[in-house]
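Some notes on the structure that comes next.
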Amino acid sequence: MKVIHWNTSKERQQMSGVKNYEDNLFENLKNIDGNLEIERIQRSESKIFGSMPFSWLFRYKCKEADIVHATFHVIAPAIYFRRPKKFVITVLDLAPLIDPSSLRDFSLKLQWKFTPKVLKNADRIIAISQFTKDEIIRLLGIEENKIDVVYLGVDHSIYKPIDKIKCKEKVGLCTEDKHILIASAGYERKRLDLAKEIFKGITNSRDDVKMIKTGYDEGLKGTSINMGYIAEEDMPYLFNAADVYMHTAEYEGFGLPILEAMACGVPVVVSDRASIPEVVGDYGNMVDLDSDDCVEQFVEKILSSIEKGKDEKAVEESKEFSWEKTAKETFKVYEEVMK
């Protein structure tokens, strides 16, 4: 079986959730089956020719592959110019259909003009959560039997419990303070407005708690420490330096930072929306965003968790997910497509 991955990532770009998925899926699939011949096509490093519309036209090739797997849904319109024998598409989320404000430039708007229609032409769709599968059915009307749920994973050899004090020192945090971490972009659906209110409530009770915001987009005004983008190799140290990980989003395709925090043994306090309950599983510690006192609930749960130290329950729950498992279940999808 010959499979080609059409990736949205570039080889030397900064790590992102999508690149994390594409890199780990490709590397782990290479160890699945000796009869699997697998290749990947990433976007050009050029600013112009590496754009998605140019990639549709010139970059993505089929190379006589039995299966072409578009590992990010906005790659799918490339089939207007190519005709794979079998076409598999991974859908990470359909957030721009819910939150059009996230489409901040012409290229993104163009991608989302064509992507929803093209998804219906796939031989198989991989959704990264049951929530995402349900959204594909609800928003696009695609048949349920064409969609398989394959969860994302985490590398437990990297994301694991490490000494907290040493990690605080390594990332430049005061070892006497307690730290709440948020790893998030600034989209409205991430509900960072709630994060500000929650932090205000916490500082009314304790003055030794600092909030760290990392991720794309601008910092979170009113919090203590805005770190911006952190290199992938430093993220396990930052997670381990945190005393609590908080996630307030109301719409997530999966929620990979939550899983990474849990794998590091960090107590997490999260919303109960979208795919998040699937990630935290029996760990719980969720807050209903519709409740009138959701801010107070977040504050209470964070304050009760902040002295907890390493959370073995979080670590155990995270073991339900691995990149090896993601690759094995993806390979099963390939086998089904080839029948």
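Restricting the stretch 103-119 to residues that are of a type outside the set (A, V, I, L, M) and in contact with a helix residue (DSSP H, G or I) (Cβ under 7 Å, 6 or more places away or on another chain) leaves a set whose member that is farthest from Ile89 (Cα to Cα) is Ser107. Among the residues making up the stretch 250-270, those that are crowded, with 24+ Cβ neighbours inside 10 Å and either among the hydroxyl-bearing types (Ser, Thr, Tyr) or assigned to a loop (DSSP other than H, G, I, E, B) (or both) are Glu252, Phe254, Gly255, Cys264, Val266, Pro267. The residues listed here are Lys170, Lys166, Lys160, Lys146; of these, the one that is out of contact with any Asp or Glu (no Cβ under 6 Å at 6 or more places or on another chain) and under 16 Å from Leu92 (Cα atoms) is Lys146.
Considering each residue of the stretch 222-236 in turn, at least one proves to be over 24 Å from the mean Cα position of the chain (by Cα), free of Cβ contacts under 8 Å to residues at least 60 places away in the same chain and assigned by TED's automatic domain parsing to the domain that holds Gly309. Scanning the stretch 19-36 for residues that are among the aliphatic types (A, V, I, L, M) and surrounded by fewer than 19 Cβ atoms within 10 Å (Cβ to Cβ) yields Ile32, Leu36. On the given criteria, is Lys160 assigned to a loop (DSSP other than H, G, I, E, B), within 23 Å of the chain's Cα centre (by Cα) and either of a type in the set (D, E, K, R) or at pLDDT 95 or above (or both)? The answer is yes for Lys160. Restrict the check to the stretch 122-143 and report whether at least one residue is aromatic (Phe, Trp, Tyr) and either touching a Cys at 6+ places or on another chain (Cβ under 7 Å) or at pLDDT 95 or above (or both). Looking through the stretch 122-143, at least one residue is aromatic (Phe, Trp, Tyr) and either touching a Cys at 6+ places or on another chain (Cβ under 7 Å) or at pLDDT 95 or above (or both). Of all residues in the stretch 190-213, those that are over 17 Å from Val269 (Cβ atoms) and buried (at least 19 other Cβ atoms within 10 Å of the Cβ) total 0. In the stretch 91-145, counting only helices (runs of 4 or more DSSP H) that sit wholly within it, the ones holding 1 or more residues that are of a type in the set (Val, Ile, Thr), in the same structural domain as Pro53 (by TED's automatic domain parsing) and surrounded by 17 or more Cβ atoms within 10 Å (Cβ to Cβ) span 106-119, 130-140.
The set of residues in the stretch 37-65 being over 24 Å from Gln14 (Cβ atoms) and either outside the structural domain of Lys146 (by TED's automatic domain parsing) or buried (at least 17 other Cβ atoms within 10 Å of the Cβ) (or both) consists of Ile38, Cys62, Ala65. Just one of the listed residues (Ala70, Ala78) is more than 18 Å from Glu336 (Cα to Cα), in contact with a helix residue (DSSP H, G or I) (Cβ under 6 Å, 6 or more places away or on another chain) and at pLDDT 95 or above, and it is Ala78.
The values are calculated or read from the model by the stated rules, or taken from the named source; none is laboratory data. As the structure is a computational prediction, the values presented were derived from the model and not from experiment. Here the Cβ is made from the backbone with ideal geometry for all residues, glycine too, and neighbour counts use every protein chain on show.
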